[in-house]
Structures are given as C-alpha cells and as structure tokens.
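This report concerns only the one structure given below.
What follows is calculated from the coordinates using simple rules that are stated; it is not laboratory data. Here the structure is a predicted model, which is why all the values come from computation and not from measurement. Counting neighbours? That spans all protein chains shown, and the Cβs are built from the backbone with ideal geometry, glycine included.
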Amino acid sequence: MSVLKDKHILLGVTGSIAAFKAADLASKLTQMDAQVDVILTPTAEKFITPLTFQSVTGRHAFTESDLWGGEAHVLHVGLGKSADILVIAPCTANTIAKLAHGEAGNLLTITALAAQCPLLVAPAMDGGMFDHPATQENLAKLKERGAYVAGPTEGHLASGLAGKGRLIEPAELIGHIRFVLGRRGRLAAKKVVVSAGGTQEPLDPVRVLTNKSSGKQGYALAQAALDAGANVTLITTPTSLTPPVGARVINVQTAKQMLDAVLKESADADALIMAAAVADFRPKQAAGNKMKKRDGIPQIELEETEDILEAVAALKSGKRRPRVMVGFAAESRNLLENANEKLKAKKLDFIAANDISSKDAGFGVETNRVTLLFETGKHESLPLMNKAEVADAIIERVAALLE
Ligand code: CTP
C-alpha cells in the first residue's frame, strides 16, 4: 500500500511564479490516493486560481475569503489538526520570514501556527533572495524547530538570472514528502541495506559482462524501506533509475566491489536485502587495452566470484551480521526447489522466488510474481504485483521479523 494512501496532506501555495508546479504536485499526490487540501495565500491567487487546484484534487481549495466565512473560527485549527503533513510549496522568502517569526496574518500562516503535524517547506525565490542572510537565518530558525526544508535547486530563474532559488520538481518533492511521512514508521531507527542492479565485470576498458537486471525491484525496496522509516543504504550498480530521496547511495560496478560494500555496510545493519543480480563468473584477467578485432577471437577465461550472501552469513551473528537477511532467486525452471536450496545455502530468513519464465515477471518488466519461502518452512505465494507492491510486501515481512 502506498505510504501516501489516505494521508491528509495540507498543501500551502504562496505567491511565486512556481505556483503552477504546485498544481502538478497536487495532481500527482491525488493520483497516489492522498487527500490533498490546498490553501492559497492572497498573493498565490494572483498567479493561479483555486479552481485549478479544485479541478485536480476534487476538493475545495481554501483562500483568504474562507477565513471570513461561517466556519472560519474552526477552519484553521481543523485543517491543521487533521493533517499528516503541511507542505508549503512554493514557499516565498516572505512566507518563510512570517513562519520564522510566528506571524499569523493569513489563513496559511494561521494554519501553520495551529498545526501540530510535520512542516515541509520548499523555498522558491529569485536571484540573491535565498542567499540573503535574513532568509538563511529564518530558514535556520525553522529547521531548529524541526521543519524540513527541501530545495531550492540551482538553475534558470524567472528574472532571467541563474542561481539558487528554483522550486524542486514535483516528482522529487513527493520523495521528500514520503521521507518525512515515513519517519515514524515501523522501521524507524533501523538500518536496512539494499543491493540493486546487475553487476558489470570488465573484459577490457570498454566492455563488460553483465545481465538484464534493471535495478527496479531493488530501488522499489529502498523506497519501501524509507516509507517504513528506515535508514536506507542503497548499494547499486549503474542503472537508469533515480535513487529514492533519503537513501544513502553507494555506487559499485563489480561483484567484488559490491561484496566489499555489503560487508562494510552490513556490520551495523538490521536487515540486508540482496536484490542485485550478482555475476557468478568474471573474466580472470581483464585486458588492459581495448581488444582489437585484428588480434582474432579472444579466449576469455572465467573465474568464480564470491557469493556475497554466503560471505555475510558466514560472519558471526550479533554485531556484524544483520538480524534479517533476504535474498532473491530468479529462476526459469524448478522455481521452488532451486529457491529452497538457496534459502538454506545462504542461511536466509526468507527468499523471494521469482519465476522469470513468465512474460510478466522478472528482468526489465514492471511486475513480479513472487513466492516467499521462509526459513521456518512457511510458503507465501503473492499474486502478480507491480514491483512497488512486491517491495512493500517484503518490507512488511522484514519489519515483522525485526519486531
Ligand atoms: N547472490 C550473492 N552473491 C553472488 C550471487 C548471488 O549474494 N555471487 C545473491 C543474489 O543477490 C540473490 C541470491 O544470491 O539474492 C540468489 O542469486 P541467484 O543468482 O539466483 O543465485 P546463485 O546463488 O547465483 O545461483 P545460480 O545462479 O546458480 O542459480
């Protein structure tokens, strides 16, 4: 289940040209099943209309006129009370200053003062304003009080200048919102290490031996663990994917580099999930220079790589070995038999057996059909799910084992 499902998000929009991006943010959050209530400041209304937000959220968008309506006396308290998070995006230097000083001159700032939920501020302003000591001091004050500040980024600004002040993009903002919402989850204060992608074993300076793993399942696991509040370390080979917001990313290429990173990170981890497709063989000797056609067909001698899960399992339990270890078995035949063998050999708590012979599961596709085999002998066949759902199911089992 998405971490955003049924979450009540209060989205404050202030007077910045980036207000148009807030409409996209509200739409994306609504599509992810969040309940989004928008509050526009009077200046925001000069840039964008409440109707825009009403159209994408299907809910009334609040403006200054609501502050003087019949329900006004409870509105700001009610909105702030039921919210899981107050997101102010874009947040101008003016509103940042007001928040820092506890001013309550409009519906949004009154609501911010009354709200007891976490506050996420996404600044947006033009050249020089963000770097101004006044803005920096105000932001420092907000952070000190526990506010989470996302962005801004560098780039083109509406004035034509380039600098720091651009609102971060809605997709990334959602990552920050998920991060804040997840903080108090079941895996809060737990460290989860996830490996992802297919390793690459060099043949020469330009060629590698690799596999078809996209990294999608591993990245989804990292996101699911973050949603549950974990401190996540993502050990990844090169992929086309963007790591989830909040994950500590360690980039590796080869099985050996992944082994070293996993061993190091496992020392203080609570859980290790090996979703990476690790090469079993590598060229014994990578050529120092690019192999040339004129030199004829190369004879490549392979050697075995070390099994990472087995290496971690061999560590003494307690301090250096994660309490929960999870593996994957991508199989094209004898799925359960092969997965069971791996479960035992690698001393796992459970293994996710994935039938890659079917078209809708495994490498590159969006869905997986997974059976979970537990060390206790229990089997759980999950229906066809997208990789985010598979990840949520696995993280839920990990959390249960850690509790
Ligand atoms: N794995 C690992 N180290 C390796 C190879 C695999 O830690 N050198 C992990 C994978 O990340 C996965 C699990 O072991 O979680 C099973 O990987 P898989 O490739 O299916 O199994 P292998 O043990 O390599 O066996 P085979 O390739 O012969 O099926």
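When only the Cβ of Lys, Arg, Asp and Glu is charged (+1, +1, -1, -1), the dipole of segment 186-402 relative to its Cα centre reaches about 440 debye.
Which entries in K256/K346; K46/K81; K342/K378; K81/K143; K342/K387; K5/K342 show an alpha-carbon gap greater than 24 Å? The pairs that break the limit, which is 24 Å between Cα atoms, are K46/K81; K5/K342. Once the chain from S2 to E403 is taken as fully extended at 0.36 nm per residue, the excess over their C-alpha distance is 142.2 nm. Using DSSP loop states and a limit of at most 11 other Cβ atoms within 10 Å to flag trypsin sites (Lys or Arg not before Pro), what is the longest stretch of the chain containing no flagged site? In short, 6-144.
Helical content alone sets the calculated 222 nm signal of the chain at -10000 deg cm²/dmol, taking -39,500 (n - 2.57) per DSSP H segment of four or more residues and averaging over every residue.
Pairs of Cα atoms in the chain fall into 20 Å distance bins, from 0 up to the last occupied one, in shares of 25, 45, 27, 3, 0 percent. The spacing between segment 168-215 and segment 68-141, judged by their C-alpha centroids, is 32 Å. Does segment 8-182 classify as rounded, prolate or oblate by the C-alpha gyration tensor (a ≥ b ≥ c root eigenvalues; a/c under 1.5 gives rounded; else a/b over b/c gives prolate, otherwise oblate)? Rounded.
Dipole orientation for segment 186-402: of the candidates P243, M291, S195, M291 has the Cα lying most toward the positive pole (charges on Cβ; Lys, Arg +1; Asp, Glu -1). About the centre of its Cα atoms, the chain shows a dipole size close to 740 debye [charges on the beta carbon of Lys, Arg (+1) and Asp, Glu (-1) only; nearest 20 debye]. One chain, two ends: H101 and K81. Fully extended at 0.36 nm per residue, the span grows by 5.1 nm beyond their Cα-Cα distance.
Under the convention that each Lys and Arg Cβ holds +1 and each Asp and Glu Cβ holds -1, the size of the dipole of segment 8-182 around its Cα centre is about 160 debye.
Between L384 and N338, the distance separating the two model label sites (each 7 Å from Cα on the Cα→Cβ line) works out to 2.1 nm. With R₀ fixed at 60 Å, the C-beta to C-beta distance from A158 to A314 puts the FRET efficiency at about 0.55. Relative contact order of the chain, taken over Cα pairs closer than 8 Å and 6 or more residues apart, is 11 percent.
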